[in-house]
Amino acid sequence: MVLLHKLVHEKKHQIVVAHFDHGIRSDSVADARFVKGLAEQYGLAFESRRAELGRHASEDTARTHRYEFLRDVAKQYKAQLVTAHHKDDTVETIAINMTRGTGWRGLAVMNSNDVLRPLLHLSKREVYDYALRKNLEWVEDKTNNTNLYLRNRLRKKIHTLSTRTTKQLVALRNAQLIVRDNIEAEEVSLQLVAPYSRYFFTHIDTVVAIELLRYIFDFSITHPQATRTLHGVKVAKAGSVIEVGGGQRLRFSLTEFIVETP
(Lines give C-alpha, C1' and ligand atoms only; values in the text may rest on other atoms or scores of the structure.)
Protein backbone atom coordinates (compact mmCIF):
# COMPACT_ATOMS: atom_id res chain seq x y z
CA MET A 1 0.00 0.00 0.00
CA VAL A 2 2.87 2.37 0.81
CA LEU A 3 4.68 1.57 -2.44
CA LEU A 4 1.54 2.12 -4.48
CA HIS A 5 0.78 5.40 -2.71
CA LYS A 6 4.30 6.67 -3.39
CA LEU A 7 4.23 5.68 -7.06
CA VAL A 8 0.79 7.18 -7.66
CA HIS A 9 1.74 10.50 -6.10
CA GLU A 10 5.03 10.72 -7.99
CA LYS A 11 2.88 10.96 -11.14
CA LYS A 12 5.79 9.74 -13.24
CA HIS A 13 4.54 6.31 -14.19
CA GLN A 14 1.75 4.36 -15.81
CA ILE A 15 0.96 1.77 -13.15
CA VAL A 16 -0.52 -1.71 -13.28
CA VAL A 17 -1.52 -3.25 -9.95
CA ALA A 18 -0.79 -6.99 -9.89
CA HIS A 19 -2.19 -9.22 -7.14
CA PHE A 20 -1.52 -12.94 -6.72
CA ASP A 21 -3.83 -15.02 -4.52
CA HIS A 22 -1.90 -18.12 -3.43
CA GLY A 23 -5.03 -19.95 -2.29
CA ILE A 24 -3.34 -20.75 1.03
CA ARG A 25 -5.84 -19.02 3.32
CA SER A 26 -9.60 -19.46 3.14
CA ASP A 27 -10.14 -15.69 3.40
CA SER A 28 -7.58 -14.65 0.79
CA VAL A 29 -10.31 -13.87 -1.74
CA ALA A 30 -11.19 -10.84 0.39
CA ASP A 31 -7.62 -9.58 0.01
CA ALA A 32 -7.96 -9.70 -3.77
CA ARG A 33 -11.20 -7.72 -3.59
CA PHE A 34 -9.53 -5.14 -1.36
CA VAL A 35 -6.63 -4.62 -3.76
CA LYS A 36 -8.92 -4.51 -6.79
CA GLY A 37 -11.06 -1.87 -5.11
CA LEU A 38 -8.00 0.22 -4.34
CA ALA A 39 -6.79 -0.02 -7.93
CA GLU A 40 -10.21 1.16 -9.13
CA GLN A 41 -10.09 4.01 -6.62
CA TYR A 42 -6.77 5.13 -8.08
CA GLY A 43 -8.02 4.55 -11.64
CA LEU A 44 -5.34 1.95 -12.38
CA ALA A 45 -5.25 -1.24 -14.43
CA PHE A 46 -5.58 -4.37 -12.30
CA GLU A 47 -4.36 -7.91 -12.98
CA SER A 48 -4.85 -10.89 -10.70
CA ARG A 49 -4.47 -14.64 -10.63
CA ARG A 50 -5.53 -17.24 -8.09
CA ALA A 51 -3.81 -20.53 -7.43
CA GLU A 52 -4.95 -23.35 -5.17
CA LEU A 53 -1.68 -24.08 -3.40
CA GLY A 54 -3.35 -25.15 -0.16
CA ARG A 55 -2.49 -24.31 3.41
CA HIS A 56 0.53 -26.64 3.48
CA ALA A 57 2.31 -24.92 0.60
CA SER A 58 5.90 -23.93 1.38
CA GLU A 59 7.25 -20.39 1.16
CA ASP A 60 9.41 -21.41 -1.79
CA THR A 61 6.42 -22.85 -3.67
CA ALA A 62 4.37 -19.71 -3.02
CA ARG A 63 7.24 -17.47 -4.14
CA THR A 64 7.79 -19.45 -7.34
CA HIS A 65 4.14 -19.19 -8.37
CA ARG A 66 3.90 -15.53 -7.35
CA TYR A 67 6.91 -14.40 -9.36
CA GLU A 68 5.85 -16.44 -12.37
CA PHE A 69 2.62 -14.44 -12.36
CA LEU A 70 4.29 -11.08 -11.72
CA ARG A 71 6.81 -11.62 -14.50
CA ASP A 72 3.99 -12.65 -16.85
CA VAL A 73 2.19 -9.37 -16.12
CA ALA A 74 5.38 -7.34 -16.54
CA LYS A 75 6.01 -9.03 -19.89
CA GLN A 76 2.42 -8.48 -21.01
CA TYR A 77 2.61 -4.74 -20.36
CA LYS A 78 6.31 -4.36 -21.24
CA ALA A 79 6.65 -2.98 -17.72
CA GLN A 80 9.19 -2.82 -14.92
CA LEU A 81 8.35 -5.15 -12.03
CA VAL A 82 8.39 -3.21 -8.74
CA THR A 83 7.98 -4.73 -5.27
CA ALA A 84 7.72 -3.23 -1.78
CA HIS A 85 10.50 -5.13 -0.01
CA HIS A 86 12.08 -3.11 2.78
CA LYS A 87 15.25 -3.25 4.90
CA ASP A 88 13.82 -5.78 7.38
CA ASP A 89 13.02 -8.12 4.48
CA THR A 90 16.68 -7.97 3.47
CA VAL A 91 17.88 -8.95 6.95
CA GLU A 92 15.28 -11.72 7.23
CA THR A 93 16.28 -13.19 3.88
CA ILE A 94 19.96 -13.14 4.86
CA ALA A 95 19.05 -15.00 8.08
CA ILE A 96 17.03 -17.59 6.15
CA ASN A 97 19.86 -18.17 3.69
CA MET A 98 22.45 -18.57 6.44
CA THR A 99 20.15 -21.06 8.19
CA ARG A 100 19.76 -23.08 4.99
CA GLY A 101 23.47 -23.13 4.25
CA THR A 102 23.65 -21.04 1.09
CA GLY A 103 27.23 -19.89 1.74
CA TRP A 104 28.49 -16.43 0.87
CA ARG A 105 25.73 -15.91 -1.70
CA GLY A 106 23.28 -15.83 1.17
CA LEU A 107 24.33 -12.21 1.72
CA ALA A 108 23.77 -11.14 -1.89
CA VAL A 109 19.97 -10.97 -1.63
CA MET A 110 17.17 -8.82 -3.03
CA ASN A 111 19.00 -8.11 -6.26
CA SER A 112 17.15 -9.74 -9.17
CA ASN A 113 18.01 -7.87 -12.35
CA ASP A 114 14.37 -7.62 -13.43
CA VAL A 115 12.91 -6.45 -10.09
CA LEU A 116 13.05 -2.88 -8.78
CA ARG A 117 12.82 -2.46 -4.99
CA PRO A 118 12.71 1.26 -4.16
CA LEU A 119 11.87 0.81 -0.45
CA LEU A 120 14.94 -1.23 0.55
CA HIS A 121 16.42 1.75 2.38
CA LEU A 122 13.40 1.93 4.72
CA SER A 123 12.83 -0.17 7.81
CA LYS A 124 9.48 -1.85 8.41
CA ARG A 125 8.87 0.70 11.18
CA GLU A 126 9.43 3.55 8.72
CA VAL A 127 7.06 1.97 6.20
CA TYR A 128 4.45 1.53 8.92
CA ASP A 129 4.85 5.13 10.10
CA TYR A 130 4.39 6.39 6.52
CA ALA A 131 1.14 4.43 6.23
CA LEU A 132 -0.13 5.95 9.46
CA ARG A 133 0.81 9.51 8.44
CA LYS A 134 -0.98 9.11 5.13
CA ASN A 135 -4.00 7.34 6.67
CA LEU A 136 -3.53 4.34 4.41
CA GLU A 137 -5.57 1.19 4.82
CA TRP A 138 -4.02 -2.26 4.51
CA VAL A 139 -4.80 -5.91 5.17
CA GLU A 140 -2.67 -8.01 7.50
CA ASP A 141 -1.81 -11.51 6.25
CA LYS A 142 -2.79 -13.82 9.11
CA THR A 143 -0.06 -16.29 8.14
CA ASN A 144 2.49 -13.71 9.35
CA ASN A 145 1.58 -14.71 12.90
CA THR A 146 2.07 -18.45 12.52
CA ASN A 147 5.26 -20.36 13.31
CA LEU A 148 4.67 -22.65 10.34
CA TYR A 149 7.11 -20.68 8.19
CA LEU A 150 10.83 -20.27 8.85
CA ARG A 151 10.71 -16.55 8.05
CA ASN A 152 8.14 -15.94 10.76
CA ARG A 153 10.15 -17.89 13.34
CA LEU A 154 13.33 -15.99 12.51
CA ARG A 155 11.53 -12.63 12.41
CA LYS A 156 10.87 -12.77 16.14
CA LYS A 157 14.60 -13.13 16.82
CA ILE A 158 15.66 -10.58 14.21
CA HIS A 159 13.53 -7.91 15.86
CA THR A 160 15.90 -8.07 18.84
CA LEU A 161 18.91 -7.04 16.70
CA SER A 162 20.37 -3.61 17.37
CA THR A 163 20.21 -0.87 14.76
CA ARG A 164 23.99 -1.09 14.48
CA THR A 165 23.90 -4.80 13.69
CA THR A 166 21.18 -4.30 11.09
CA LYS A 167 23.22 -1.57 9.40
CA GLN A 168 26.27 -3.84 9.36
CA LEU A 169 24.29 -6.64 7.71
CA VAL A 170 22.95 -4.28 5.05
CA ALA A 171 26.48 -2.94 4.42
CA LEU A 172 27.79 -6.50 4.06
CA ARG A 173 24.99 -7.25 1.62
CA ASN A 174 25.86 -4.22 -0.52
CA ALA A 175 29.55 -5.19 -0.57
CA GLN A 176 28.70 -8.79 -1.41
CA LEU A 177 26.67 -7.72 -4.42
CA ILE A 178 29.83 -6.24 -5.93
CA VAL A 179 31.80 -9.39 -5.14
CA ARG A 180 29.06 -11.54 -6.66
CA ASP A 181 29.08 -9.56 -9.91
CA ASN A 182 32.86 -9.99 -10.19
CA ILE A 183 32.70 -13.72 -9.48
CA GLU A 184 29.89 -14.27 -11.98
CA ALA A 185 31.86 -12.42 -14.65
CA GLU A 186 34.75 -14.83 -14.04
CA GLU A 187 32.40 -17.83 -14.20
CA VAL A 188 31.00 -16.71 -17.54
CA SER A 189 34.53 -16.17 -18.90
CA LEU A 190 35.38 -19.85 -18.24
CA GLN A 191 32.72 -20.86 -20.80
CA LEU A 192 31.91 -24.14 -19.07
CA VAL A 193 29.82 -26.43 -21.29
CA ALA A 194 28.61 -30.00 -20.86
CA PRO A 195 29.93 -32.62 -20.64
CA TYR A 196 32.11 -31.34 -17.81
CA SER A 197 35.60 -32.60 -17.04
CA ARG A 198 35.93 -34.57 -13.81
CA TYR A 199 39.69 -33.98 -13.89
CA PHE A 200 39.17 -30.21 -13.96
CA PHE A 201 36.81 -30.17 -10.96
CA THR A 202 38.96 -32.61 -9.01
CA HIS A 203 42.18 -30.62 -9.32
CA ILE A 204 41.03 -27.03 -8.79
CA ASP A 205 40.63 -25.44 -5.35
CA THR A 206 37.69 -26.94 -3.43
CA VAL A 207 36.04 -23.58 -2.77
CA VAL A 208 36.24 -22.69 -6.46
CA ALA A 209 34.96 -26.12 -7.52
CA ILE A 210 31.90 -25.82 -5.25
CA GLU A 211 31.14 -22.35 -6.56
CA LEU A 212 31.39 -23.54 -10.17
CA LEU A 213 29.14 -26.51 -9.49
CA ARG A 214 26.50 -24.17 -8.09
CA TYR A 215 26.94 -22.00 -11.19
CA ILE A 216 26.33 -25.02 -13.43
CA PHE A 217 23.11 -25.71 -11.52
CA ASP A 218 22.09 -22.04 -11.84
CA PHE A 219 22.45 -21.75 -8.06
CA SER A 220 19.42 -23.97 -7.46
CA ILE A 221 21.42 -26.16 -5.06
CA THR A 222 22.73 -25.22 -1.63
CA HIS A 223 26.36 -25.09 -0.53
CA PRO A 224 26.08 -28.46 1.34
CA GLN A 225 24.51 -30.07 -1.74
CA ALA A 226 27.33 -28.75 -3.91
CA THR A 227 29.90 -30.09 -1.42
CA ARG A 228 28.36 -33.58 -1.60
CA THR A 229 28.17 -33.30 -5.38
CA LEU A 230 31.88 -32.49 -5.61
CA HIS A 231 32.65 -35.63 -3.61
CA GLY A 232 30.64 -37.59 -6.18
CA VAL A 233 32.59 -36.01 -9.03
CA LYS A 234 35.79 -37.24 -7.40
CA VAL A 235 34.80 -40.82 -6.52
CA ALA A 236 31.70 -41.92 -8.49
CA LYS A 237 32.12 -44.92 -10.78
CA ALA A 238 31.66 -44.61 -14.53
CA GLY A 239 28.02 -45.19 -15.48
CA SER A 240 26.72 -44.21 -12.05
CA VAL A 241 24.11 -41.54 -11.28
CA ILE A 242 23.80 -39.46 -8.12
CA GLU A 243 20.85 -37.39 -6.92
CA VAL A 244 21.75 -33.77 -6.23
CA GLY A 245 18.44 -32.21 -5.17
CA GLY A 246 15.16 -31.02 -6.63
CA GLY A 247 15.09 -33.97 -9.02
CA GLN A 248 18.42 -32.98 -10.54
CA ARG A 249 21.07 -35.66 -11.10
CA LEU A 250 24.63 -36.10 -12.27
CA ARG A 251 25.48 -38.92 -14.67
CA PHE A 252 29.12 -39.97 -14.90
CA SER A 253 31.42 -41.44 -17.49
CA LEU A 254 35.00 -42.28 -16.64
CA THR A 255 36.27 -38.75 -17.34
CA GLU A 256 33.17 -36.53 -17.58
CA PHE A 257 29.76 -35.82 -16.10
CA ILE A 258 26.51 -34.23 -17.28
CA VAL A 259 23.59 -32.64 -15.44
CA GLU A 260 20.12 -34.14 -15.87
CA THR A 261 17.09 -32.10 -14.86
CA PRO A 262 13.49 -33.27 -14.37
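The values are calculated or read from the model by the stated rules, or taken from the named source; none is laboratory data. Since the structure is predicted, the reported quantities are computational estimates derived from the model, not experimental observations. When we count neighbours, we look across all protein chains shown, and the Cβ atoms used for this are built from the backbone with ideal geometry, even at glycine.
Checking Glu126 against (1) out of contact with any Leu (no Cβ under 8 Å at 6 or more places or on another chain); (2) loosely packed, with under 14 Cβ neighbours inside 10 Å, which single condition isn't satisfied?
(2)
Just checking, which of Val17, Val8 is touching a helix residue (DSSP H, G or I) at 6+ places or on another chain (Cβ under 9 Å) and part of a helix (DSSP H, G or I)?
Val8
Could you grab me the full set of residues in region 76-116 that are of a type in the set (Ser, Thr, Tyr) and assigned to a loop (DSSP other than H, G, I, E, B)?
Within region 76-116, the first condition is being of a type in the set (Ser, Thr, Tyr), and the residues that meet it are 77, 83, 90, 93, 99, 102, 112.
Matches in region 76-116: Thr83, Thr102, Ser112.
Of a type in the set (Ser, Thr, Tyr) and under 28 Å from the mean Cα position of the chain (by Cα) - does that describe any residue in region 240-260?
No, because not a single residue in region 240-260 is of a type in the set (Ser, Thr, Tyr) and under 28 Å from the mean Cα position of the chain (by Cα).
Yes or no, residue by residue, for (1) assigned to a helix (DSSP H, G or I); (2) charged (D, E, K, R); (3) modelled with pLDDT under 85:
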site	(1), (2), (3)
Gln176	yes, no, no
Ile183	yes, no, no
Glu187	yes, yes, no
Leu192	no, no, no
Ala226	yes, no, no
Thr229	yes, no, no
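In this structure, is Ala84 modelled with pLDDT under 90 and either closer than 24 Å to Ile158 by Cβ or not hydrophobic (A, V, I, L, M, F, W, C) (or both)?
Against the criterion (modelled with pLDDT under 90 and either closer than 24 Å to Ile158 by Cβ or not hydrophobic (A, V, I, L, M, F, W, C) (or both)), Ala84 does not qualify.
If you go through region 41-62, how many residues are surrounded by 12 or more Cβ atoms within 10 Å (Cβ to Cβ) and in a helix (DSSP H, G or I)?
Total meeting the criteria: 4.
Just the residues that are under 10 Å from His22 (Cβ atoms) and modelled with pLDDT of 85 or more, please, taken from region 54-68.
Thr61, Ala62, Arg63, His65, Arg66
Could you please tell me which pairs satisfy a Cβ distance under 6 Å, a separation of 6+ or placement on different chains, a first residue in region 159-180 that is of a type in the set (Ser, Thr, Tyr), and a second residue that is modelled with pLDDT of 85 or more?
Thr166/Val91
Which pairs turn up if I take residues in region 82-111 that are in the same structural domain as Leu213 (by TED's automatic domain parsing) and look for partners that are surrounded by 19 or more Cβ atoms within 10 Å (Cβ to Cβ) with beta carbon separation below 8 Å, at least 6 apart in sequence or on another chain?
none
If I ask for residues that are out of contact with any Ser or Thr (no Cβ under 6 Å at 6 or more places or on another chain) and either outside any helix (DSSP H, G or I) or within 17 Å of Val241 (Cα to Cα) (or both), which ones from region 202-215 would you list?
Those that are out of contact with any Ser or Thr (no Cβ under 6 Å at 6 or more places or on another chain) and either outside any helix (DSSP H, G or I) or within 17 Å of Val241 (Cα to Cα) (or both): Ile204, Asp205.
When the residues of region 218-262 are filtered to those that are acidic (Asp, Glu) and within 18 Å of Ser197 (Cβ to Cβ), which remaining residue is surrounded by the most Cβ atoms within 10 Å (Cβ to Cβ)?
Restricting to residues being acidic (Asp, Glu) and within 18 Å of Ser197 (Cβ to Cβ), the top hit is Glu256.
For region 156-174, what are the residues that are farther than 30 Å from Ala209 by Cβ and assigned to a helix (DSSP H, G or I)?
Step one: filter region 156-174 for residues farther than 30 Å from Ala209 by Cβ, giving 156-168, 170.
Listed by number, the residues that qualify are Lys156, Lys157, Ile158, Thr163, Arg164, Thr165, Thr166, Lys167, Gln168, Val170.
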